1. Report ³J(HN,Hα) in whole Hz for each residue of the stretch 107-123, in order, from the Karplus equation J = 6.51 cos²θ - 1.76 cosθ + 1.60 where θ = phi - 60°; Gly and Pro get x.
2. Could you work out which residue, out of 168, 251, 317, moves most in a Gaussian network model of the chain, that is, has the largest mean-square fluctuation with Cα springs under 10 Å?
3. In a shell of Cβ-Cβ distance under 13 Å around residue 45, excluding residue 45 itself, what net charge do Lys and Arg (+1) and Asp and Glu (-1) give?
4. Given charges of +1 on the Cβ of Lys and Arg and -1 on the Cβ of Asp and Glu, with all other atoms neutral, how large is the dipole of the stretch 1-136 about its Cα centre, in debye to the nearest 20?
5. What are the residues whose amide H is under 5 Å from the amide H of residue 165, where those residues sit 5 or more places off or on another chain and H is modelled from the backbone?
6. Nearest 20 debye, what's the magnitude of the dipole of the chain about its Cα centre given +1 on Lys and Arg Cβ and -1 on Asp and Glu Cβ?
7. Please identify every one of the GluC sites (Glu not before Pro) in the stretch 167-275 that sits in a loop by DSSP and has no more than 12 other beta carbons within 10 Å of its own beta carbon.
8. Between rounded, prolate and oblate, where does the chain land on the alpha carbon gyration tensor, with a ≥ b ≥ c its root eigenvalues, rounded for a/c under 1.5, else prolate if a/b exceeds b/c?
Amino acid sequence: MTNPIPSDKALVPFVSVDHMMKLVHHIGIEPMLIGLADYIEADFKRWELFDKTPRVASHSDVGVIELMPTSDGEAYGFKYVNGHPKNTKEGLQTVTAFGLLADVDTGYPVLLTEMTILTALRTAATSAMVAKHLAPKSADTMAMIGNGAQSEFQSLAMKALCGLKTVRLWDSDPKATEKAARNLEGLGLNVVPCASAEDSMEGAQIITTCTADKQYATILTDNMVGEGVHINAIGGDCPGKTELAPAILHRSDIFVEYPEQTRIEGEIQQLDNDHPVTEFWQVLTGKAKGRTDDRQITLFDSVGFAIEDFSALRFVRDHIQKAQAYVDLDLLADPDDPRDLFGMVQRAKPD
Ligand code: NAD
């Protein structure tokens, strides 16, 4: 693996939250979303060569902690991520994350980075990359249901990649909608706060559901979804946590990241295990069809897969040097004689 950062192999570039924000502003948020989408699309196109496994999840009554590993044979990456819908009431975030990229040849880490912001960016970039291929070509209006931490990123990615012009906001907490509307002001979108979920869907060709609740919720009922729309379902991403009425799934052509993980965590956990779904990477490589007619409902049953984080880690590794957005971290023991770890410890003994 070529590492663009020339540093002592024992020092690991570390990207803090401050560095990540510096990187976002150095590149620009929309160019960064486009860049991330390019990296993710490139990795989806070489899907078959990755090591893949459903993420390793540790559930509790209040949330989940997950590890998401993958490798393309040259680099290995993983993300630590949690999901705790109750957290916002305690002044904490629902989702936090950090991640690591390593060189398969030596096993040495080459990047350690915050991934809370990066997850929001990569999830939005993935949503928009998929919508670019599946949403109606004329789509310019999106209903954004759930106006929490992910929502502005989702809206801007749809603007940058799909030409979205109008976003119609709805959240059961009006404060969340106010916050999202305020944050999106002046960023080139026509922002419309709405009075209900039904209202938000008026004239929308893309419907994004991004709510957080640890239950089988029904954010969309069957009668709310008309023909020809693209649904980008983000929030149902855990066993027992879904957003769509099952009848919608039966009317939709369903596209997923990695079926083995989505059948456990996605909207399709509500369906029989043999219900047909399309792996989205196959649309990109021409092995499967995407949208085939104007009346079709396409559904991206997004749960977030390790390859998207791997792509995001590669993107960060490739861009932090120019932005000077990292510090070297003394993370790996580096004795002069590799076998003299004990001697190194002894020599560090205070007098
Ligand atoms: P958040 O807690 O910041 O925001 C969630 C919002 O949903 C809140 O504003 C809440 O008021 C709203 N909400 C809850 N129930 C609602 C309902 N019935 N109707 C309307 N609004 C409702 O969470 P977040 O960080 O924005 O994440 C949202 C969801 O997306 C979470 O479930 C998270 O696990 C999931 N997520 C998925 C991916 C992915 O790759 N698919 C990535 C990141 C987050």
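Values quoted throughout were computed directly from the atomic coordinates according to the rules given, and no laboratory measurement underlies them. Model, not experiment: these values are computed from the prediction. Quick reminder, even Gly has a Cβ in these numbers, built from the backbone with ideal geometry, and neighbours come from all protein chains shown.
1. 3J(HN,Hα) across the stretch 107-123, in whole Hz: x, 7, x, 10, 6, 10, 8, 4, 9, 5, 5, 5, 5, 4, 5, 6, 5.
2. Result: 251 has the largest fluctuation of those listed.
3. Counting the neighbours of residue 45, the net charge comes to -4.
4. The calculation lands at about 360 debye.
5. 141
6. Dipole magnitude for the chain comes out near 540 debye.
7. For GluC sites (Glu not before Pro) across the stretch 167-275 that sit outside H, G, I, E and B with at most 12 neighbouring Cβ atoms in 10 Å, the list reads 185, 202, 227.
8. prolate
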